[in-house]
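The values are calculated or read from the model by the stated rules, or taken from the named source; none is laboratory data. Quantities reported herein were computed from a predicted structural model and do not represent experimental measurements. Virtual Cβ from ideal backbone geometry, glycine too; neighbours counted across all protein chains shown. Heads up: the accessible areas ignore ligands, DNA and RNA and are worked out on the full protein's heavy atoms, side chains in. Shrake-Rupley method; radii C 1.70, N 1.55, O 1.52, S 1.80 Å.
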Amino acid sequence: PRPGVASSVWYSGFSDRRPVIAGNWKQNPATAGEARELLRLLKANQAALEASGRGHVPDVIIFPPFPFLQLALDTVAGTAIKIGAQNIGVQEKPGAYTGEVTATMIRSLGCELVLLGHSERRMLYGETDAIINRKMHIALAAGLSVVLCVGEQEAEFEAGLLQAVLALQLKKGLQGVPASELERVIVAYEPVWAIGTGKTATPDQAQEAHLAVRAVISEMYGTGVARGLRVQYGGSVTPEGVDAMMQMPDVDGALVGGASLAADKFARIVEFSPPDAVLSQPRTMMAREVVACKNTLGESPVWSARDQVLYWVSALDQELWVWNTRDAPFKRSFPQVIGCVGLIDDGRLLVAMAEQVVAYDVATGQADAIAPAPEATSTTRPNDGRSDRSGNFVVGMYNAFHKGGGPSSGENNAGLYRIGASPGGGLEEILSYRFRVSNGISFSPDGRTMYFCDTPTRKVFAFSYDPQAQGTNALTNRRLVYSMPSHLPGGPDGAQVDAAGKLWIALSGAGMVVQVDPETSMTDMVVMLPVSSPTSLTFGGPALDTLYITTRGPDGGGLYSVQMPFGVRGVEEREVSSSRLPA
């Protein structure tokens with residue numbers, strides 16, 4: 001059973017109350033430009049979540065400062081993100097009240113909510129329960145919904161006054177509000193001692209407080225209203241702690257402060273693991289460093305079964321690395337950033353650089369042009385690539401400004417391409433939508449399924465794959481197979497499939513590789529690394545039973561390996577057919 005269910009008289013199933021995650025930006029960020037960058041990333045993450053097919057998608061609310069409200073409304077348009085104001089004045093109508101803002105002004109912009117009773121308004125600006133109650137009535141009358149904040153100070157908590165403080169704030173804050181209006185009210189419990197301090201209430205403490213909130217609401221409005229009321233927890237909410245908090249049956253979401261100013265952290269909180277998710281206990285192994293190559297960004301390992309050689313790239317260092325696992329590895333330098341490498345059946349390598357795709361002879365150093373790189377622009381470059389089981393090469397692009405700070409910040413401007421299947425062997429785009437960062441390209445043993453992820457979304461998808469179909473007909477029937485847990489930082493990176501059809505994914509930023517069953521989305525095995533950012537992986541060795549893992553700096557950069565358990569092995573990497581490459 002879920003924690004705390006036995007102690008809750010209000011719990012009647014997770015799906016009864018839709019979760020709600022809200023970000024309170026407070027007096028942040030410093031400029032409109034910074035706000036625009038953050039909003040663009042939030043929009044991209046939300047759009048990806050809505051399109052993913054994931055169940056239990058929460059309501060998402062952002063509370064920016066007043067000067068950024070219109071910018072926020074315009075930027076997130078097209079997603080389900082709701083925009084609210086952090087405060088309103090106590091006047092119902094416009095007038096000679098310098099510095100004040102009415103609820104009708106906020107509503108006329110298109111805002112749907114307002115945040116009232118936050119502890120900082122209470123303590124720094126002297127807002128009393130009476131003032132908050134007046135604002136509550138004004139907001140509801142103007143058509144706004146309200147997030148009402150309540151919570152105790154540390155001395156009150158230590159004195160055992162939690163229930164008394166919550167009862168007083170709720171009864172005074174909601175005085176005169178009819179039961180019919182409670183559908184437009186969310187209560188945010190925020191222990192004042194946990195706001196901005198790094199401290200946080202334990203899940204059990206939050207559950208106790210939320211039970212106290214519902215008890216007061218039941219006394220005021222009846223048990224039916226108490227059961228339907230959504231109650232958030234607010235107080236130093238983090239991605240690492242949100243899953244445990246959301247396991248509590250009376251915690252319906254989170255009011256997020258500092259973490260809402262980092263798009264990746266906020267996205268991880270929004271995508272918390274649902275309380276009813278089954279948690280597995282996977283087998284754990286440890287990888288060791290086998291080549292101290294100190295790559296800035298190691299990527300794209302590929303094993304040649306014919307030559308018994310491992311190839312990989314150090315992308316930003318513009319290097320190709322070669323190792324037969326017996327002698328010392330060596331490297332070859334290139335004139336451009338390298339995204340990925342593949343095998344060609346005439347012994348050469350397919351190397352996708354920032355501006356050009358070439359067939360490269362390691363022995364002679366001869367590089368023969370195959371095609372210009374797809375989207376050879378200043379904002380994208382090739383990133384991830386792998387040959388399919390029919391001898392074509394699939395390569396995905398990378399938005400160089402996907403983290404912000406550039407002309408394509410937050411944009412889905414990268415495409416997925418294939419070499420060798422179209423007439424004449426040229427490049428063709430095969431995915432019907434654009435994305436930010438291509439990764440995870442890998443194929444099932446029978447070649448009929450392709451896996452792919454847009455790393456910033458933290459999700460891996462499977463597609464039905466047809467190596468003969470032209471253009472976007474090659475990939476159909478998208479379905480979600482893995483969503484990275486909220487408590488893990490980073491995102492899915494390179495991937496490979498073993499002979500049993502299990503998917504192995506490098507979780508860059510989380511210091512691990514996971515084996516996932518695509519049928520159940522369960523993690524069966526975990527390979528831990530002593531560095532934070534594995535980037536890609538492949539199976540190699542004479543029996544294809546060694547997993548080789550590339551990494552990146554600053555703490556990594558070496559090549560790691562781990563011997564697979566008995567019965568776990570890879571599939572021989574298919575070589576790209578030289579006859580299909582452009583002449």
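Computed from label points 7 Å out along Cα-Cβ, the spacing between ALA80 and GLN308 is 5.5 nm. Given the pairs LYS43/LYS171; LYS171/LYS265; LYS26/LYS135, which span a C-alpha to C-alpha distance of over 29 angstrom in this model? Beyond 29 Å: LYS43/LYS171; LYS171/LYS265. Taking every DSSP helix (H) stretch of at least 4 residues in the chain, weighting each as -39,500 (n - 2.57) and dividing the sum by the residue count yields a mean residue ellipticity at 222 nm of -5500 deg cm²/dmol. Charge tally for VAL165 (other residues, Cβ to Cβ under 10 Å; Lys, Arg +1; Asp, Glu -1): -2.
Put the Cα centre of the range 127-169 next to the Cα centre of the range 325-364 and the gap is 64 Å. For the chain, the solvent-accessible area of protein heavy atoms averages 38 Å² per residue (probe radius 1.4 Å; ligands and nucleic acids excluded). The simple spin-label model puts a point 7 Å past each Cα toward its Cβ; for THR284 and TYR125 those points are separated by 4.7 nm.
A crude spin-label estimate for the pair SER180 and GLU92, with each label 7 Å from Cα along the Cβ direction, gives 1.7 nm.
A Förster radius of 45 Å, combined with the Cβ-Cβ distance separating THR520 from ALA32, puts the computed FRET efficiency at roughly 0.50. Full extension of the chain segment joining GLU50 with THR364 gains 108.1 nm, where the gain is 0.36 nm per residue of separation less the Cα-Cα distance. Taking a ≥ b ≥ c as the square roots of the eigenvalues of the alpha carbon gyration tensor, the range 272-415 is oblate, as a/c is not under 1.5 and a/b does not beat b/c. Scoring 461-473, 402-414 by mean Cβ neighbours within 10 Å over their residues and listing the highest first yields 402-414, 461-473. Overall, the anisotropy analysis places the range 376-501 in the oblate class: the square-rooted eigenvalues a ≥ b ≥ c of its C-alpha gyration tensor yield a/c not less than 1.5, with a/b not exceeding b/c. Label zone of LEU71 (point 7 Å out along Cα→Cβ, amide N under 20 Å): in the range 14-34 this covers 23-34.
List every DSSP H helix in the chain whose Cα atoms extend 15 Å or more along the helix's own long axis and whose mean Kyte-Doolittle hydropathy is at least 0.0.
Answer set is 129-141, 162-173.
Ignoring lysines fewer than eight residues from LYS294 along the same chain, the ones with Cα atoms less than 16 angstrom from its Cα are LYS331.
Sorting the segments 161-168, 377-384, 490-497 by their mean number of nearby beta carbons within 10 angstrom, highest to lowest, gives 490-497, 377-384, 161-168.
What percent does the relative contact order of the range 441-583 come to when contacts are Cα pairs within less than 8 Å and at least six residues apart? Rounded, it is 15 percent for the range 441-583.
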